[in-house]
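The values are calculated or read from the model by the stated rules, or taken from the named source; none is laboratory data. Model, not experiment: these values are computed from the prediction. Here the Cβ positions follow ideal geometry from the backbone for every residue, glycine too, while neighbour counts run over all protein chains shown.
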Amino acid sequence: MKKFSFLVILFLCVLAFPLTGHAASNATHILLDGNEIELSQDRQVQTVNNSVMIPIRVVVEELGFDVDWDSKTGTVTIKQSDSEIKLLLNSSTATVNGQTVKLNAAAYAQNGTTFVPIRFVSEQMGLGVNWDGTTKTVSLTTQSSGSGSAALPGSNSGSSNSGTSGTVTSPSTPSTTLTSLKGISFTDNQLIMAVDGQVSPVTSTLTNPDRIVIDLPNVQFASDFSSSYPLDSKLNGAIAVTEYPDVSQIRYSLFNSAPSTVRVVIDLNYAKGFKMTNAGDGLVIIDLNQESASTSASASKPSSSSGKKLVVIDAGHGGSDPGAISVTGRKEKDFTLAVVLKVEKLLQNEPNIDYVLTRSGDTYPTLSDRSNLANNLKADVFVSVHGNSGAATATGVETYYTRSGESLKLANIMHKYLVKSSGLPDRKVRQASLHVTRETTMPAVLLECGFLSNKNDEAKMYSSAFQQKVAEGIVAGIKEYLGID
């Protein structure tokens with residue numbers, strides 16, 4: 001197995017015990033084969049826009065990788081054997097053996113240390129990983145330590161099944177505390193896994209190539225599994241899929257032995273959403289006929305049985321798209337995000353409303369990402385927040401919609417509250433063919449919350465008090481439209 005593969009479960013573990021802020025977490029420890037890696041204050045694990053970042057140089061030096069730094073181009077090159085990763089600081093993409101890979105968060109340098117997002121690293125490296133939530137300790141185990149490890153799907157390491165797993169050095173022995181995977185099938189565009197006990201699957205979607213990954217913690221293969229399903233000596237197996245255009249094959253492996261974890265991978269022919277059903281009846285179903293979230297945005301649909309209304313809140317622009325530049329040089333993307341994050345805090349107190357943000361940090365979902373997310377979630381309402389720009393004398397608020405009917409009704413209600421909460425002149429409700437209001441299938445509006453090109457509007461828009469009032473107006477409008485007290 002190549003060492004060039006790393007931190008598989010760490011990303012999921014940290015999500016289960018999230019860090020906060022863009023600052024070092026002194027309480028977090030990293031152990032390599034039982035020995036703690038000493039991290040200076042400026043080399044601690046960090047988070048940026050909900051993406052967990054790891055100091056790459058510290059880890060790779062401990063593992064013996066070669067690291068080169070080109071200060072002129074801002075490129076970090078990591079080499080091991082015949083593998084090579086190139087990271088360009090502040091770039092949303094990297095290259096792995098010459099192939100371009102998209103990052104969830106850009107690598108960056110701070111105080112001489114390069115930080116990279118764990119999701120990217122976890123797709124390229126492969127160590128045994130355990131998480132102790134009590135002590136906030138990540139334990140990394142190399143193959144040579146004797147506890148076994150496995151490569152993530154797509155790493156092309158150690159398996160003819162394109163990296164479903166690497167070599168497992170100490171397969172799990174049967175235990176009464178483990179649930180067994182008894183069978184697996186793909187029919188009617190659904191993956192069906194039969195188990196003999198309770199399971200808590202963890203799902204994720206990966207790209208380059210597109211695939212859906214389902215981890216089954218505390219699960220082993222049933223003793224007679226191999227009699228019905230292909231399973232080699234390394235506990236890897238695959239089933240070809242020929243009748244469904246979405247899927248090319250199903251792969252499965254004993255991904256980890258401590259604790260025993262079975263990983264199942266759906267190799268897709270293109271990105272595809274899905275819905276998981278785990279009713280505790282012995283069947284776990286991944287249904288590709290029903291999409292519960294956009295494959296290009298990080299969001300999960302709230303339970304359909306909750307009875308709550310679902311709203312999608314969109315902070316306009318972001319990332320490489322600053323939006324309009326204000327009269328004093330401020331960026332529209334910063335204003336829209338500030339308002340949306342205040343909306344989020346208010347919606348957290350609404351027991352009858354579930355919500356999803358198209359972005360919660362300085363990222364750039366495309367316009368299609370935003371509309372597809374709302375459509376795939378089958379949201380009840382879509383609200384996009386923007387700042388306007390025009391002549392220096394232009395002032396006031398506008399609300400845009402595309403489709404008559406419910407979108408117009410929503411626009412009239414939202415605009416009423418926008419005028420009241422902003423205290424700016426009323427520039428009326430307007431109809432326009434805007435992507436996010438045109439391509440969404442639910443009632444959708446776009447709010448222009450003032451003119452960044454007007455010095456008086458702009459001064460108010462970047463004040464926390466104004467943003468809070470507008471956020472309160474947005475929530476009040478949503479509640480009135482949905483008929484929620």
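Residues are listed down the side, and each one gets a yes or a no for (1) under 22 Å from K182 (Cα atoms); (2) at pLDDT 85 or above:
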| position | (1), (2) |
| --- | --- |
| D232 | yes, yes |
| Y252 | yes, yes |
| R263 | yes, yes |
| L268 | no, yes |
| M276 | yes, yes |
| A279 | yes, no |
| L288 | yes, yes |
| E291 | no, no |
| S294 | no, no |
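Identify the single condition in (1) hydroxyl-bearing (S, T, Y); (2) buried (at least 18 other Cβ atoms within 10 Å of the Cβ); (3) closer than 27 Å to N352 by Cβ; (4) modelled with pLDDT under 95 that T399 does not satisfy, given that it satisfies every other one.
T399 satisfies all of (1) hydroxyl-bearing (S, T, Y); (2) buried (at least 18 other Cβ atoms within 10 Å of the Cβ); (3) closer than 27 Å to N352 by Cβ; (4) modelled with pLDDT under 95 except (4).
Give me the pairs, please: first residue somewhere in region 380-393 and surrounded by fewer than 24 Cβ atoms within 10 Å (Cβ to Cβ), second residue anywhere and of a type in the set (K, R), beta-carbon distance under 8 Å, and either six or more positions apart or on two chains.
Taking only residues 6 or more apart or on different chains, the pairs are D380/K309; A392/K455.
Which of the residues spanning region 173-198 are over 28 Å from N269 (Cα atoms) and either polar (S, T, N, Q) or modelled with pLDDT of 90 or more (or both)? Can you show your working first?
The initial filter retains those residues of region 173-198 that are over 28 Å from N269 (Cα atoms), namely 173-180, 196-198.
If the condition is that a residue be over 28 Å from N269 (Cα atoms) and either polar (S, T, N, Q) or modelled with pLDDT of 90 or more (or both), then T173, S175, T176, T177, T179, S180, Q198 are the ones that fit.
Please go through region 237-265 and pick out each residue that is among the small types (G, A, S), touching a residue at least 60 places away in the same chain (Cβ under 8 Å) and out of contact with any Phe, Trp or Tyr (no Cβ under 8 Å at 6 or more places or on another chain). Step through it out loud before you land on a result.
Step one: of region 237-265, the residues among the small types (G, A, S) are 237-238, 240, 248, 253, 257-258, 260.
Retained after the next criterion (residues that are touching a residue at least 60 places away in the same chain (Cβ under 8 Å)): 237-238, 253, 257-258, 260.
Within region 237-265, S253, S257, A258, S260 meet the criteria.
Would you pick out the residues in region 437-453 that are crowded, with 22+ Cβ neighbours inside 10 Å and aliphatic (A, V, I, L, M)?
Residues satisfying the conditions are A444, V445, L446, L447, L452.
Taking the condition of being part of a loop (DSSP other than H, G, I, E, B) and closer than 13 Å to G273 by Cα, how many residues in region 188-226 meet it? Let's see the steps before the verdict.
At the first step, the residues of region 188-226 found to be part of a loop (DSSP other than H, G, I, E, B) are 188-189, 196-201, 207-210, 218, 222-224.
If we keep only those that are closer than 13 Å to G273 by Cα as well, we get 189, 207, 210.
So the answer is 3.
Out of S422, S464, S404, S433, report the one residue that is within 18 Å of L337 (Cα to Cα), surrounded by fewer than 16 Cβ atoms within 10 Å (Cβ to Cβ) and hydroxyl-bearing (S, T, Y).
Values: S422 fails: surrounded by fewer than 16 Cβ atoms within 10 Å (Cβ to Cβ); S404 fails: within 18 Å of L337 (Cα to Cα); S433 fails: within 18 Å of L337 (Cα to Cα).
When all the criteria are applied, what remains is S464.
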